[in-house]
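Undergrad: I have a structure I would like to understand better, so I am pasting it below and will then ask my questions one at a time.
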Amino acid sequence: MSQAGQIFVLSGPPGAGKSSIAARVRADMPDLAYSVSLTTRPPRPGERDGVDYYFVTRQEFQRRIAAGEMAEHEEIFGNLYGTSQKVVGQVLEQGQDLFLDTDVNGAEQLQKRFPEGVFIFLLPPSRKVLEERLRGRATEEESQVRQRLERVRYELTKAKNYTHLVVNDNLEKAVAEVEAIITASRRRTQRHLKLLEEFQAS
């Protein structure tokens, strides 16, 4: 009985815990559709194709961009990332809410397309903690870690454009806050005008 679906976007600098929180939100809120992003980077240990990302070749990704198949896309550290336009369109047209996790440039593209969307920026408690998390992953060389730390400064300049900000100083607390933002937005009166009309007419 609701209107078209709502888009929810989670972003945050490398090491902020975006993937961990996104996975928890998906598990806790199964009625929330999720679009798995595409990427040209190789999978990290434990990552699964079609679950964490769709891992595709650069040639295939560029073909999709040229064909207008991407709702958003961005190149980060030499790898392409993006979201399928087809998936986004189908989900929202069916009236289902959609949850995405993207980088700040991808989110900026989505903000232009969906100005009524909910955009959540995830912030680590401090730069020191962020650096510890990045080094603790032990999946990248020192030069790559430094690249990611430099990227943080850029991403923070975009944080003010988000509708909400959550500090991930505790995973459970951060997950609860993200889910609370989603729940509150889904209960906004404007999204349920048809239900009110039917109630009044009954």
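The values are calculated or read from the model by the stated rules, or taken from the named source; none is laboratory data. Computed from a predicted structure; not experimentally measured. Here the Cβ is made from the backbone with ideal geometry for all residues, glycine too, and neighbour counts use every protein chain on show.
Undergrad: Checking Ala22 against (1) surrounded by 17 or more Cβ atoms within 10 Å (Cβ to Cβ); (2) outside any helix (DSSP H, G or I); (3) in contact with an Asp or Glu (Cβ under 8 Å, 6 or more places away or on another chain), which test does it fail?
TA: (2)
Undergrad: Only residues in the stretch 111-127 that are surrounded by 14 or more Cβ atoms within 10 Å (Cβ to Cβ) count as the first member; pair them with residues that are at pLDDT 90 or above and among the hydroxyl-bearing types (Ser, Thr, Tyr), Cβ under 6 angstrom, at least 6 apart or cross-chain, and list the lot.
TA: Val118/Thr163; Val118/Ser185; Phe119/Tyr162; Phe119/Thr163; Phe121/Ser11; Phe121/Tyr162
Undergrad: Go through the stretch 152-185 and give me each residue that's outside any helix (DSSP H, G or I) and of a type outside the set (A, V, I, L, M, F, W, C).
TA: If the condition is that a residue be outside any helix (DSSP H, G or I) and of a type outside the set (A, V, I, L, M, F, W, C), then Thr157, Lys158, Tyr162, Thr163, His164, Asn168, Asp169, Asn170 are the ones that fit.
Undergrad: Another one. Among the residues of the stretch 63-77, what is the count of those that are modelled with pLDDT of 90 or more and at positive phi?
TA: Here the count works out to 1.
Undergrad: What's the total number of residues in the stretch 90-109 that are assigned to a loop (DSSP other than H, G, I, E, B), over 17 Å from Thr39 (Cα atoms) and β-branched (Val, Ile, Thr)?
TA: Within the stretch 90-109, residues that are assigned to a loop (DSSP other than H, G, I, E, B), over 17 Å from Thr39 (Cα atoms) and β-branched (Val, Ile, Thr) number 0.
Undergrad: Could you list, in sequence order, all residues of the stretch 62-74 that are closer than 14 Å to Glu108 by Cα and among the charged types (D, E, K, R)?
TA: Glu72, Glu74
Undergrad: While we're looking at this one, here's another question. Out of all the residues in the stretch 21-45, which are free of Cβ contacts under 8 Å to residues at least 12 places away in the same chain and within 16 Å of Leu122 (Cβ to Cβ)?
TA: Ala23
Undergrad: Could you check the stretch 93-109 and list, in sequence order, the residues that are surrounded by 19 or more Cβ atoms within 10 Å (Cβ to Cβ) and closer than 22 Å to Arg187 by Cβ?
TA: Asp97, Leu98, Phe99, Leu100
Undergrad: Give the residues of the stretch 76-85 that are surrounded by 14 or more Cβ atoms within 10 Å (Cβ to Cβ) and out of contact with any strand residue (DSSP E or B) (no Cβ under 7 Å at 6 or more places or on another chain), sorted by residue number.
TA: Answer for the stretch 76-85, where residues must be surrounded by 14 or more Cβ atoms within 10 Å (Cβ to Cβ) and out of contact with any strand residue (DSSP E or B) (no Cβ under 7 Å at 6 or more places or on another chain): just Ile76.
Undergrad: Select from the stretch 82-106 the residues that are under 9 Å from the mean Cα position of the chain (by Cα) and modelled with pLDDT of 95 or more and list them in ascending order.
TA: Correct list: Phe99 only.
Undergrad: If you check every pair at least six apart or on different chains, which have Cβ atoms under 8 Å apart with a residue in the stretch 147-159 that is modelled with pLDDT under 85 first and a residue that is part of a helix (DSSP H, G or I) and surrounded by 18 or more Cβ atoms within 10 Å (Cβ to Cβ) second?
TA: Arg148/Leu134; Leu149/Leu130; Leu149/Leu134; Val152/Leu130
Undergrad: Can I ask one more? Can you name the residue in the stretch 146-197 that is under 21 Å from Ala27 (Cα atoms) and of a type in the set (Val, Ile, Thr) and is also surrounded by the fewest Cβ atoms within 10 Å (Cβ to Cβ) among such residues?
TA: Among residues in the stretch 146-197 that are under 21 Å from Ala27 (Cα atoms) and of a type in the set (Val, Ile, Thr), the one surrounded by the fewest Cβ atoms within 10 Å (Cβ to Cβ) is Thr183.
Undergrad: Could you give every pair whose Cβ atoms fall below 8 Å, whose first residue belongs to the stretch 174-202 and is modelled with pLDDT of 95 or more, and whose second residue is acidic (Asp, Glu) and in a helix (DSSP H, G or I), counting only separations of at least 6 or pairs across chains?
TA: Val175/Asp28; Glu179/Asp28
Undergrad: Inspect all residues belonging to the stretch 40-60 and state whether any of them is in contact with a Gly (Cβ under 9 Å, 6 or more places away or on another chain), assigned to a helix (DSSP H, G or I) and surrounded by 17 or more Cβ atoms within 10 Å (Cβ to Cβ).
TA: No, the stretch 40-60 has no match at all.
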